[in-house]
Amino acid sequence: ADDNFATIVAAIEEGRVIYDNIRKFIRYLLGCNVGEVLTMLLATVAGLPLPLLPIQILWMNLVTDGLPAIALSVDPGDVDIMHRSPRLPQEGIFARGLHLRIASQGLLISICTLVVFALELFLGSGRLDCARTMAFTTLVMSQLLFVFQCRSEEHRLWETGFLDNLWLLGAVLISMSMHFGVLYIPALQPIFKTVPLVYGQWALVLLFSGWCAVASDLVISVYGRARRHLAWMRA
């Protein structure tokens, strides 16, 4: 409207950022939900006690997932977003392997959660309430790390940084603080059926939550290299 080419460039950049943020939002929420569903499904198939209670799943969906997902919608986008080739107009929202990213991350989250649950139940304290609390916390921490991975499809977790989106950082800190309240405030423990975790249990939770994030980046890197290799062979 103002006959300025710079305005067109800015509009294209804004459109790309909005489209990417929609994909980030979908990737995060569906990845978290797939992780929760697979955790319950695989535990049932394996004959284990339920690792999560309904009130805990509701808490994750309303608090742990909700605030960071909203913060993703205002993410500034990749610094090299204007260096990409234009996407195809007929491209679907799950194109470029988004469905595989969602499925693989959900599977990783569920496996790490079930391993922590089983270790505490059979090799740790043997208390079901403690094992459930650790599974609950592993899911929460895995999801809060996963949200930083969702900031970019082109760059790895260590490349995107943590300070470019202060809204996201604040949302994660609030979600963590609220989860700590569920674990350590006596009035909330009977409601969410949780128990306080000690240092050794936190170490196990953080180990598997962190491994979940690292393994996800490794899977994506291997998948990307395989795709590039196949494209080179076909050319």
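The values are calculated or read from the model by the stated rules, or taken from the named source; none is laboratory data. Predicted, not measured: the structure shown is a model, and the values here were computed from it. Cβ atoms come from the backbone with ideal geometry, glycine included; neighbour counts cover every protein chain shown. What goes into the accessible areas is simple: the full protein's heavy atoms, side chains included, and nothing from ligands, DNA or RNA. Shrake-Rupley method; radii C 1.70, N 1.55, O 1.52, S 1.80 Å.
Just a few scattered comments:
- Remark: the chain carries a charge dipole of roughly 780 debye about the Cα centre, counting +1 on each Lys and Arg Cβ and -1 on each Asp and Glu Cβ.
- With the simple spin-label model, which puts each label point 7 Å out from Cα in the Cβ direction, the V45 to I22 separation comes to 3.3 nm.
- Heavy-atom accessible area per residue - the chain, 1.4 Å, Å²: 53 Å²
- Protein accessible area in the range 21-146, 1.4 Å probe - carbon and sulfur %: 74 percent
- Multiplying the residue separation of L166 and D80 by 0.36 nm and subtracting their alpha-carbon distance yields 29.0 nm.
- Near L168: Cβ cut-off under 11 Å, other residues only, Lys/Arg at +1 and Asp/Glu at -1. The net charge is 0.
- Net +/- balance of residues flanking V34 in space, Cβ distance below 13 Å, scoring K and R +1, D and E -1: 0
- Here the convex hull built on the C-alpha positions of the range 35-188 has a volume of 132 cubic angstrom per residue.
- Along the range 169-174 the Karplus relation, 6.51 cos²θ - 1.76 cosθ + 1.60 evaluated at θ = phi - 60°, assigns HN-Hα couplings of 4, x, 5, 5, 5, 5 Hz to successive residues, with x for each Gly and Pro.
- Cut-off 20 Å (backbone N to label point 7 Å along Cα→Cβ of A215), residues of the range 115-133: 115-124, 131-133
- Here the 3J(HN,Hα) profile of the range 98-109, calculated from phi with Karplus coefficients 6.51, -1.76 and 1.60 at θ = phi - 60°, is 5, 5, 6, 4, 5, 5, 5, 5, x, 5, 4, 4 Hz, Gly and Pro shown as x.
- T7-V115 FRET efficiency (beta carbon distance; Förster radius 41 Å; 0.05 resolution): 0.20
- Spacing of the two label points (7 Å from each Cα toward its C-beta) at A187 and R127, in nm: 2.3 nm
- Using θ = phi - 60° in the Karplus curve 6.51 cos²θ - 1.76 cosθ + 1.60, the 3J(HN,Hα) couplings for the range 51-65 round to x, 9, 9, x, 5, 6, 5, 4, 4, 5, 5, 8, 10, 4, 7 Hz; x is entered for Gly and Pro.
- Rg/Rh (Cα only; Kirkwood hydrodynamic radius) as it applies to the range 19-115: 1.06
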